[in-house]
1. In the range 39-51, which residue that is open to solvent by less than 70 Å² (accessible area, probe 1.4 Å) and outside any strand (DSSP E or B) is modelled with the lowest pLDDT?
2. Would you call Ile149 touching a residue at least 60 places away in the same chain (Cβ under 8 Å), touching a Cys at 6+ places or on another chain (Cβ under 7 Å) and of a type in the set (Val, Ile, Thr)?
3. Take the range 161-176 and flag every residue that is small (Gly, Ala, Ser) and more than 30 Å from Val145 (Cβ to Cβ).
4. Among the residues of the range 97-123, count how many are among the aliphatic types (A, V, I, L, M), without any contact (Cβ under 8 Å) to a residue 24 or more places away in the chain and out of contact with any Phe, Trp or Tyr (no Cβ under 7 Å at 6 or more places or on another chain).
5. Residue check: is Val35 touching a Phe, Trp or Tyr at 6+ places or on another chain (Cβ under 7 Å), hydrophobic (A, V, I, L, M, F, W, C) and at pLDDT below 90?
6. For a quick check of your reading of the model, give me the residue pairs whose first member lies in the range 52-65 and is at pLDDT 90 or above and hydrophobic (A, V, I, L, M, F, W, C), whose second is part of a loop (DSSP other than H, G, I, E, B) and open to solvent by less than 50 Å² (accessible area, probe 1.4 Å), with beta-carbon atoms closer than 8 Å and at least 6 apart or on different chains.
7. When Ser178 is evaluated against the numbered criteria (1) among the polar types (S, T, N, Q); (2) within 17 Å of Ser69 (Cα to Cα); (3) modelled with pLDDT of 90 or more, which criterion, by number, is the only one it fails?
Amino acid sequence: FGNIITSAVFNTHTEIICTTPGGASRKTRPIATSVPLLVSANGRDFANPNNLSYLFVPLPTVSSIYPASGPLSGGSIVSVVGSNFNTQSGHNVICKFGPFEALATVQSKNVLTCESPSSLSPTILSLEISTNGGIDYSTSNFMFVFQKIPVLNTLHPPAGMEDGGNKVIVRGSGFYES
């Protein structure tokens, strides 16, 4: 990976498995960086006849989500603000609500949107982002709340002056403090 040597594991005669270097080398790449991938059979002579390269991308981070809750039926368009929403890898950007994945639409390098999935019961799930097709995810720990839709039964009074300022009592069920 560039000038950093790592080991490879033989899988088949047409496949080896390499592990990317991490640690200090990762911290020196604050932006997406493409490096050539060279392979050696003897530890001395390295080659890459097809000019393959590997793209290191910074881990995405989430700084806010809106809305932070939605109905059990799903379908809420959630705006995610953060950084490193890089799409250079050619992979899909994915939002993960707990174990459930949803494709994201990147609006800019700092904003994306995704649609919340459905949930069978009220729950709170972490919302994390992947920019490499679901391999690695952010670790920002923002929570999305799935809740029942409130039911409205009555209004009192049911009408008021158009100047506004009237207090209206709404009775029903499924209200949540926000």
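The values are calculated or read from the model by the stated rules, or taken from the named source; none is laboratory data. Note that this is a predicted model, so its numbers are computed, not measured. Note: ideal-geometry Cβ built from the backbone for every residue, glycine included; neighbour counts use all protein chains shown. Side chains included, ligands, DNA and RNA excluded: accessible areas come from the protein's heavy atoms. Shrake-Rupley method; radii C 1.70, N 1.55, O 1.52, S 1.80 Å.
1. Gly43
2. Numbers: touching a residue at least 60 places away in the same chain (Cβ under 8 Å): yes; touching a Cys at 6+ places or on another chain (Cβ under 7 Å): no; of a type in the set (Val, Ile, Thr): yes.
Judged against the criteria, Ile149 is not a match.
3. First, pick out the residues of the range 161-176 that are small (Gly, Ala, Ser): 164-165, 172-174.
Within the range 161-176, Gly164, Gly165 qualify.
4. Kept after step one, since they are among the aliphatic types (A, V, I, L, M), are these residues of the range 97-123: 102-104, 106, 111-112, 120.
With the extra rule that they be without any contact (Cβ under 8 Å) to a residue 24 or more places away in the chain, the set shrinks to 102-103, 106.
Those still in the list that are out of contact with any Phe, Trp or Tyr (no Cβ under 7 Å at 6 or more places or on another chain) too: 102-103.
Final tally of qualifying residues: 2.
5. Answer is yes for this residue.
6. Between residues of the range 52-65 that are at pLDDT 90 or above and hydrophobic (A, V, I, L, M, F, W, C) and residues that are part of a loop (DSSP other than H, G, I, E, B) and open to solvent by less than 50 Å² (accessible area, probe 1.4 Å), the close pairs are Val62/Ser138; Val62/Ser140.
7. If we test Ser178 against (1) among the polar types (S, T, N, Q); (2) within 17 Å of Ser69 (Cα to Cα); (3) modelled with pLDDT of 90 or more, just (3) comes out false.
Residue-by-condition table, conditions (1) in a loop (DSSP other than H, G, I, E, B); (2) in contact with a helix residue (DSSP H, G or I) (Cβ under 7 Å, 6 or more places away or on another chain); (3) under 30 Å from Gly172 (Cα atoms); (4) at pLDDT 95 or above:
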residue: Ser79; (1), (2), (3), (4): no, no, yes, yes
residue: Gln88; (1), (2), (3), (4): yes, no, no, no
residue: Asn92; (1), (2), (3), (4): yes, no, no, no
residue: Lys96; (1), (2), (3), (4): no, no, no, yes
residue: Thr105; (1), (2), (3), (4): no, no, no, no
residue: Ser118; (1), (2), (3), (4): yes, no, yes, yes
residue: Glu128; (1), (2), (3), (4): no, no, no, yes
